Amino acid sequence: MRPGPGTWGSAATVLLWAALAHALPASALIPTAIGLAVFVILLGIPAATITARATGSKDPQFVVIDEVAGQLIALIAVPPSWKTLLAGFILFRVFDILKPPPVRQLERLPEGTGIVLDDVAAGLYAFGVMQILFRFHLLK
């Protein structure tokens, strides 16, 4: 979708995670989020590589599996409330757009590895901030 396919991919991931998280028992949230993130990363790297090669583009903008992975990482180990989901969405998008070190450097890795791992790193930054906000009761 345009404009901003990455933002749309992140938003869809948040909505799907919210629906899934509300259907799961609390004890399954963390392992499910981690498992999904790992699955998407393992699927995303070869898929992004194939797509990049087929299109001749280093980072095709319509590939959003990388945003799905990063967004899932940002939402690990926080309760699925509208505030945490919104905060996780905003934080991931900010880190994905700003690309603080080493996020930008990871983008330079070859093919699908670079396409996916820069968003994984942005997701890890967002995850770290989310954990700080949650642990210090700045976000519930």
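Contact annotation: residue pairs with Cβ atoms under 7 Å, 6 or more positions apart or on different chains, pairing a residue in segment 82-105 that is in contact (Cβ under 8 Å) with a residue 12 or more places away in the chain with a partner that is basic (Lys, Arg), are Lys83/Lys140.
In segment 46-70, the qualifying residues are those that are part of a helix (DSSP H, G or I) and touching an Asp or Glu at 6+ places or on another chain (Cβ under 8 Å), and the one that is farthest from Arg135 (Cα to Cα) is Arg53. Looking only at residues in segment 1-54 that are touching a residue at least 40 places away in the same chain (Cβ under 8 Å) and of a type in the set (Phe, Trp, Tyr), the one that is surrounded by the most Cβ atoms within 10 Å (Cβ to Cβ) is Trp17.
Here the condition is being within 24 Å of Arg53 (Cα to Cα) and touching a residue at least 60 places away in the same chain (Cβ under 8 Å); of Ile115, Ile65, it holds for Ile115 alone. Which one is surrounded by the fewest Cβ atoms within 10 Å (Cβ to Cβ) among residues in segment 104-139 that are among the hydrophobic types (A, V, I, L, M, F, W, C) and in contact with a Phe, Trp or Tyr (Cβ under 7 Å, 6 or more places away or on another chain)? Only one residue fits best here, namely Ala126. With the structure loaded, tell me whether Leu43 is out of contact with any Phe, Trp or Tyr (no Cβ under 8 Å at 6 or more places or on another chain) and within 17 Å of Glu111 (Cβ to Cβ) or whether it fails that test. It is true that Leu43 is out of contact with any Phe, Trp or Tyr (no Cβ under 8 Å at 6 or more places or on another chain) and within 17 Å of Glu111 (Cβ to Cβ).
Coordinate-derived values only; no laboratory data. Just so we're clear, the structure is a prediction, and the values are computed from it rather than from any experiment. All Cβ positions, even for glycine, are placed from backbone atoms using ideal geometry, and neighbour counts span all protein chains on display.
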